[in-house]
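Take a look at the structure below.
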Amino acid sequence: MIQTLTKIVTFEEFVNWLPDNSDIRYELHRGEIVKMAQPITNHRGTENTEK
């Protein structure tokens, strides 16, 4: 089995890497860039509504 090497990135590298105006969401977890799942339709209406 072939294992790929993961490049660890800093927060600054991650921010500079983020694509502009992308519909795809990414998060940085322990230096690894992780593509996030898209929210389901019902959940989109509640985003950013925390009080």
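Throughout, read-outs are computed from the coordinates displayed, never taken from laboratory work. Bear in mind the structure is a predicted one, so any value in this text is a computation, not a measurement. Counting neighbours? That spans all protein chains shown, and the Cβs are built from the backbone with ideal geometry, glycine included.
Proximity of backbone amide H atoms, modeled 1.01 Å from N, is registered between Y26 and M36 at under 5 Å, excluding neighbours fewer than 5 places apart on the same chain. Fewest neighbouring Cβ atoms within 10 Å first, the residues R30, R25 line up as R30, R25.
A crude spin-label estimate for the pair E12 and Q38, with each label 7 Å from Cα along the Cβ direction, gives 3.5 nm.
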